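Read the structure below first, then the notes.
The values are calculated or read from the model by the stated rules, or taken from the named source; none is laboratory data. All values derive from a computational prediction rather than experimental measurement. Positions of Cβ are backbone-derived with ideal geometry, glycine not excepted, and every protein chain shown enters the neighbour counts. We work out accessible area using only protein heavy atoms, side chains counted, and drop any ligands, DNA or RNA first. Shrake-Rupley method; radii C 1.70, N 1.55, O 1.52, S 1.80 Å.
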Amino acid sequence: MLASGNSSSQPVSFILLGIPGLENYQFWIAFPFCAMYLIAIVGNVIVLHIIRTDHTLHEPMYLFLAMLAITDLALSSSTQPKMLAILWFHAHEIEYHACLIQVFFIHAFSSVESGLLMAMALDRYVAICFPLHHSTFLTPAVVGKLGAAVMMRGLLWVSPFCIMVSRMPFCNNHVIPQSYCEHMAVLKLVCADTRVNRAYGLFVAFSVVGFDIIVISISYVMILRTVLGLPSDEARFKAFGTSLFTFLTHRFGHHVPRVVHIMFANFYLLVPPMLNPIIYGVRTKQIRDRVIQGCCGKVPNLILL
């Protein structure tokens with residue numbers, strides 16, 4: 001039984017330390033983080049604008065990419081403004097409910113991102129292994145239903161995190177030694193048995209990320225078998241590179257080891273949203289051409305002036 005002096009049912013706020021151990025450098029560290037955040041915002045907005053305005057891009061691959069861009073905007077914006085406020089203005093305090101909302105956004109949209117990568121792998125599998133039936137299988141209605149299912153999975157699976165934590169007593173220590181609120185960091189401040197919470201966290205990790213990895217792996221194994229059967233070496237390389245590049249970049253680049261240093265916790269949520277539009281802008285000819293056309297189209301007008 002907990003002593004009443006050592007716990008409180010609901011704290012008013014938490015204290016986010018930012019980057020412990022680098023307090024003297026936090027002001028300057030914020031500048032590259034801010035630049036990365038701006039790149040993520042501008043890049044994803046450009047990708048969304050191009051896909052929305054170009055009706056030839058209203059295909060499954062680009063619709064999933066648009067959903068991924070929206071997810072990345074929400075994921076990065078749920079943490080970075082507060083982190084910059086901490087590093088630049090020492091705004092370490094975060095209101096209790098705002099902290100729980102941040103927990104929800106981080107885990108929900110991380111789940112959605114994982115699901116979208118799975119859906120994109122399935123799209124590539126159908127496009128390469130069943131090219132004649134791709135438009136039949138993956139209609140806009142099916143793409144919409146897949147996107148809705150991925151979104152609902154993230155919302156339904158993650159909601160219990162916040163509900164369970166909000167009903168538990170907290171210790172007098174309200175300090176979170178990082179720059180944002182996430183489930184395990186908040187759970188460490190609870191003065192109660194958290195085994196159920198931890199077990200549910202493991203269940204979500206295995207049922208969401210584990211399932212997505214299995215589906216993605218099977219999809220790319222089947223793609224690999226089909227690609228290696230193509231008669232042309234050039235066609236084989238192009239198909240294999242286009243399909244596997246996204247998977248390797250996102251699946252392995254996304255999970256940066258967080259135990260090395262607390263800064264990796266920030267990179268973990270910021271680097272993928274920043275890299276996604278850059279990667280697809282370089283790898284996708286239609287989007288790259290639209291960006292070049294948009295930039296170069298302004299040059300003649302400037303010359304005339």
Legend entry - the range 68-122, relative contact order [Cα under 8 Å, separation at least 6], %: 53
Legend entry - Percent RCO, i.e. relative contact order, over the range 53-201, from Cα pairs under 8 Å lying at least 6 residues apart: 30
Legend entry - For peptides 165-177, 92-104, sequence by mean Cβ density within 10 Å, most packed first: 92-104, 165-177
Inset, instruction - Could you tell me which of rounded, prolate or oblate describes the range 165-217, using a ≥ b ≥ c as the square roots of the eigenvalues of the alpha-carbon gyration tensor, with rounded for a/c under 1.5 and, failing that, prolate when a/b is larger than b/c and oblate otherwise? - result: oblate
Inset, instruction - Could you do me a favour and compute the accessible area per residue for the range 153-202, 1.4 Å probe, result in Å²? - result: 46
Inset, instruction - Estimate the FRET efficiency between ALA91 and LEU132 by the formula 1/(1 + (r/R0)^6), using the beta-carbon distance for r and 45 Å for R0, to the nearest 0.05. - result: 0.20
Inset, instruction - Please give the contour-minus-distance gain from ILE218 to ILE101: 0.36 nm per residue of separation, less the Cα-Cα distance, rounded to one decimal in nm. - result: 38.7 nm
